[in-house]
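Working notes, beginning with the structure itself.
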Amino acid sequence: MRAMLLVNPKATTTNSRTRDVLIRALGAAVDLTVEETGYRGHAATLAATARAKGYDVVAVLGGDGTINETVNGLLNPVNGRPSRPAAPAPAAAGQVPAPTAAAGRPSLIVIPGGSANVFARGLGLPNDPVEATGAVLEALREGRHRTVGLGQALWNGESRYFTFCAGMGYDAEVIRAVEGLRGAGRKATPSRYVNTALRHYLLTDKRHPAMTLTGPGIPKAEGVFMAIVSNTSPWTYLGPRPVRPTPWASFETGLDLLGLQRLGPLALLPVIRQILTESDALPSGRHLVQLHDEQEFTLTASRPVAFELDGDYLGERESVTFRSTPDALQVLV
């Protein structure tokens, strides 16, 4: 089995010694090529190259942003044309045979190396990269895989897949602020997200909502301040604590949404309390807009609002359509 391992050398929770151990462990099981990412978008380019060259598996050691880039590189055609991978090579002595790739694409291996690792944890992998590698090697030996659905966001002729979440409004503004702090050399810790969210809340316009929700068979909802779109649950983590605004979301269903039509403290605090519990009950409140297992919907805004996918800030948008893509990706897990 030929595998390409994409390593983010700046991954939050790994160091060079840990990476060397993981590389040796994977290299003993597969014919491994290792590539380091060097800039934003590099993982997508490397993943697309791996698909075009007929690799059986693409493994990622990094955070959710690196995984998102890799997934988009695997799913999008190379140079605008569908790639035609070469036939899988026979397994060498002591190595596991190649899995059957979906739609000619390599299977994906995820090894968590970021601060939150939402996609990996949503798949049931340990949050520790060494333990996760052990679980992945077991899946390789047993030929065990899982096919998952993804979300897709479309705007202004562009599109991008997401593995676990998207957002428009306040949450994306917080991510933008944290990315600015990371650019200044500060780590993206759970406490930093919380402190940034609190500071930003004090400056947020709580009187003039910008967004409207529409979609096939969906009642129109106006006056939305903030919208969270989920492909699985939890939506994110605060350290060990799961955050579950859409507890019914899963990789096997369509997309879920939680929208807030009020941002005042009396409206927001009960919602925060509900989404931080372990309950499977939906958050409740007349000021909430909620969708479950939907195939498509659109958020439009009267002014540009912040937009994020899988915790990656993508600028401001006035209209984004969200679609569910069932059975999009095969993951060894």
Distance in nm between L276 and E316 label points, each 7 Å along Cα→Cβ, equals 3.1 nm
Value of [θ]222 nm, deg cm²/dmol, for the chain, DSSP H segments ≥ 4, -39500 (n - 2.57) each, nearest 500 | -8500 deg cm²/dmol
Residue order, fewest to most surrounding Cβ atoms within 10 angstrom, among H42, H208, H145 | H208, H42, H145
Paired Rg and Dmax values of region 32-81, which use every Cα atom, in angstrom = 10.1, 28
A student applying the Cα gyration tensor rule (rounded when a/c is under 1.5; otherwise prolate if a/b is larger than b/c, oblate if not) would label region 274-333 oblate
Exposed-loop-free span, longest in the chain, where trypsin sites (Lys or Arg not before Pro) count as exposed if DSSP calls them loop and at most 16 other C-beta atoms lie within 10 Å = 54-143
Working out 0.36 nm times the residue gap between R40 and S16, then minus their Cα-Cα distance, what length gain in nm do you get to one decimal?
-> 6.6 nm
Selected from P283, M211, T321, residue furthest toward positive end of dipole (the chain; charges at beta carbon) = M211
Amide N of region 241-266 lying under 17 Å from the label point, which is placed 7 angstrom from the Cα of E222 along Cα→Cβ = 260-262
Give me the percent of DSSP beta bridges within the chain that run antiparallel, rounded to the nearest 5.
-> 75 percent
Cα extents of region 154-327 along the three principal axes, largest first (Å) = 43, 37, 36
Point-charge dipole on Cβ atoms (K/R +1, D/E -1) for region 172-233, about Cα centre, debye to 20 = 300 debye
The chain - charge dipole about Cα centre, Lys and Arg +1 at Cβ, Asp and Glu -1, debye rounded to 20 | 560 debye
The distance between the Cα centres of region 167-219 and region 306-324, in whole Å, is 12 Å
List the chymotrypsin sites (Phe, Trp or Tyr not before Pro) within region 274-316 that fall in a DSSP loop (any state other than H, G, I, E or B) and whose Cβ has at most 15 other Cβ atoms within 10 Å.
-> none
FRET efficiency (R207, D327; Cβ distance; R0 35 Å; to 0.05) is 0.20
Projected label distance in nm at H200 and E131, using a 7 Å step from Cα toward the beta-carbon = 3.0 nm
What ratio of Cα Rg to 2.2 N^0.38 Å holds for region 94-229?
-> 1.37
Jot down the per residue volume, in cubic angstrom and as a whole number, of the convex hull over the alpha-carbon atoms of the chain.
-> 127 Å³
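Read-outs: derived from the displayed coordinates by stated rules, not from any lab. The structure presented is a predicted model; accordingly, all values stated were derived computationally and were not measured. Methodologically, a virtual Cβ is constructed for each residue, glycine included, from the backbone with ideal geometry; neighbour enumeration extends over all protein chains shown.
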